[in-house]
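Below is one structure, written out as structure tokens; the observations come after it.
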Amino acid sequence: MEGPILELRDVGKRFGPLTAVRDVSFSVEKGEIIALLGPSGCGKTTTLRMIAGFLQPDEGRIRIAGCDMARVPPYERNIGLVFQDYALFPHLSVEQNIAYGLRQRGVEQNKVSVRVREMIDLVRLRGYEAQRPTLLSGGQQQRVALARAIAIAPELMLLDEPLSALDAKLRQELRFELKRILLTARCTAIVVTHDQEEAMSLADRVIVMDGGRILQEGAPTAVYSRPASREVAELIGRANWFEGEVGNLVDGYREFLSPDGPLLISDRPDLAGHSCRLCVRPERLMILGETSANDRLNIIKGTVTTVAHLGSAIHYEIQLPSGRVVLVFEQNRDQPLPGVGTPVRLSFRPGDGVLIPEDAPVVR
Amino acid sequence: MTATIVAIIALLVVPLAITVAMSFDAREYLGPFPPARLSVGWYQRFFSDDYLMHGLRTSLLLAVISATSATTLGIAAALAIKRLPKGARDAVTALFLAPLIVPGVVVGFALLLFYARAGIDNGFLRLLGGHVVITFPYAIRTILAALNGVPPSLIDAALSLGANHRRAVWTVTLPLIRTGIVAGAIFAFAFSLDDVAASLFLSDPHNYTLPVALVSMMHANFDLTIAAVAVLLMGVTAVLMLALDRLAGLDRIVGASVYRA
């Protein structure tokens, strides 16, 4: 197995007094799809632009396929870029857009035609070859942008918020399409996004960034269910928080003393006696039926204050005795809906609580 | 409101209408308005007047060369300006647009001093220099406006696809701003053709523009040939404006951006 396709080591970038990116290190193996996830201004776009060669890092090294990229201009890096606004050339047809990179590389005409046809088939745009991109829908433009980038057979694809310009429904459809295309073309790709669903559904590995640093990195499910810090938990998914202190061991579980009563969670001996926050994802909180047994752990009483029926799911806001309002997501299974003002009992499994120390260090 | 508009239209249109009517006056002398009979005599006189025709030739040649040069320089300068850092960009843009607010008289006089110092005594070159200075701001203004309409991500896309900066300019930037370039050239042509103030300073007995010839004619022997020439110049300008409107939409040229896909 050869080395990583992309390697960033201690990369930093400043804009005047502002540090946009600092100490960013990660690598991407061949065939991997990575998501750089973070809020706007977190440094993810700056990182992307440094990898693409539009910006020079002030510190650190960027290597592509083992070669240092310090003096290599964007047009000599073999990187396929998909821009947030697609950046299709409005004066060229779909076909000419896709052929652009090949033409710049001096590929001979009949090979260009073959490759363009291949790309058209890959992104399923037969019949649109002669169209101007401005006449296409957002989803079609997106696919042209993908085809244009993949056509040059880049070592690495960089996708900047690839789905953010589309409306919600199209976004969901295209997420699968995008994944299919990236997998079919065997792309190594970095997807920059602020949308955790996009990150989780597309990527094999998620790198969560904020304030120019990497907060956490790992498989999407791991980052989601085991966030290392409050920031990460908030950036990827929604979270309910309980403040309190980690107590004794009870029946093999660790006791967490919250204002809403003692809660039992999977053991973390290292945190015994610490002030912590306990994170419980909204979908891991269950509303117990009236008849359900009382032998459950972690029963919390509360009152429903808001019910939002979203069709496939139901979102509740439930006020706890401490005054804290928690969010609960339930799938719509045609269950009876507790109305506003109804007293309910909530529960969660000990394994679903994630402890985060108050002074959580930045995890890299 | 309505009265204001009527007054403005009257002020703009009535003198022009009178000029047009008088240019077709069949009388041999400058008689009172309106002309009793019409003829194209003044136009014939213009086309057979060597002095004026020489001016016309110089004017057209100047307009073509200065519009071409101003546009070429404008493209180069606009592309360079776009690559400057923000602060410098505004300063240089302001500098390049400065001739717009400097009176033509000043431009002409300053250039005259400069030519004398630099030893440039070719009359046509003197005029050409002045016309390039006068028309350059018009060219660069429309080209910059067009350039500002080109999303930077398009250039980044071209670079990422393997085009170097020069190739990106040729294959993406220039095709996208071609409307702005043509508009800039038309503007430059029109303003070169119309200029009197600077040309007055830079003309000599052998190299003079049509407007300069008209001015000296007004001093020497005032007749309606001037009206005929004025009408012809109006015609040319009207055609240019129409072309500009067809090409890009006048509102967009006068407004912010001339970017068109």
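Using a simple spin-label model with pseudo-atoms 7 Å out from Cα toward Cβ, B:THR68 and A:ALA308 lie 6.6 nm apart. Going by neighbour counts of Cβ atoms within 10 Å, the residues A:LEU178, B:LEU240, A:LEU136, B:LEU154 line up, fewest first, as B:LEU240, A:LEU136, B:LEU154, A:LEU178. In terms of surrounding Cβ atoms within a 10 Å radius of their Cβ, B:HIS219, B:HIS165 rank from fewest to most as B:HIS219, B:HIS165. Computed across the range A:6-234, the Kirkwood hydrodynamic radius from all distinct Cα-Cα pairs reaches 18.0 Å. Considering only DSSP beta bridges where both residues belong to the protein assembly as shown, give the percentage that are antiparallel (nearest 5). If I count the DSSP bridges inside the protein assembly as shown, around 80 percent turn out antiparallel. Of the trypsin sites (Lys or Arg not before Pro) in the range B:1-88, the ones in a loop by DSSP (not H, G, I, E or B) with at most 10 other beta carbons within 10 Å are B:ARG37, B:ARG83.
Taking a span of 27 Å or more along the helix axis (Cα atoms) and a mean Kyte-Doolittle hydropathy of at least 1.0 as the rule, no DSSP H helix of chain A qualifies. Taken over the range A:1-96, the alpha-carbon convex hull comes to 140 cubic angstrom per residue. Separation of the range A:232-253 from the range B:58-111 is 67 Å, based on Cα centroids. With loop defined by DSSP as not H, G, I, E or B, and exposure as at most 14 other Cβ atoms within 10 Å, which is the longest segment of chain B clear of exposed chymotrypsin sites (Phe, Trp or Tyr not before Pro)? The reported range is B:30-221.
Multiplying the residue separation of B:ILE5 and B:VAL92 by 0.36 nm and removing their Cα-Cα distance gives an extension gain of 27.5 nm. Scaling the Cα radius of gyration of the range A:240-357 by the globular reference 2.2 N^0.38 Å produces a ratio of 1.07.
Note down the net charge around B:PRO211, summing +1 for each Lys or Arg and -1 for each Asp or Glu among other residues with Cβ under 14 Å from its Cβ. Summing Lys and Arg as +1 and Asp and Glu as -1 gives -1.
Got a sec? Which residues in the range A:87-114 would a label at B:TRP170 touch, if it sits 7 Å along Cα→Cβ and we count backbone N under 11 Å? Counting backbone N atoms under 11 Å from the label point, the list is empty. Partners of A:LYS179 within straight-line reach, counting lysines whose Cα lies under 21 Å from its Cα and excluding those fewer than 8 residues away in the same chain: A:LYS30, A:LYS44, A:LYS169. Which translational diffusion coefficient, to the nearest whole µm²/s, is obtained for the protein assembly as shown from the Stokes-Einstein equation, given a Kirkwood hydrodynamic radius over C-alpha pairs, 10 °C and 1.306 mPa s? After rounding, the answer is 52 µm²/s. Excluding A:THR193 itself, what net charge comes from residues whose Cβ is under 10 Å from its Cβ, given Lys and Arg +1 and Asp and Glu -1? Local charge sum for A:THR193: -4.
Stretching A:ARG105 away from A:GLU76 to a fully extended chain increases their span by 9.4 nm, per 0.36 nm per residue minus the current alpha-carbon distance.
Between B:LEU112 and B:MET241, what's the calculated FRET efficiency when r is the beta-carbon distance and R0 is 35 Å? Round to 0.05. Efficiency, from the Cβ-Cβ distance: 0.65.
Within 10 Å, Cβ to Cβ, of A:GLN84, how many net charges do the neighbouring residues add up to if Lys/Arg are +1 and Asp/Glu are -1?
Once all neighbours under 10 Å are counted, the net charge is -3.
Each value in this text was obtained by applying a stated rule to the coordinates, not by laboratory testing. Note that the coordinates shown come from a computational prediction; the quantities given were computed from them, not determined experimentally. So basically every Cβ, Gly included, is an ideal-geometry build from the backbone, and we count neighbours across all protein chains shown.
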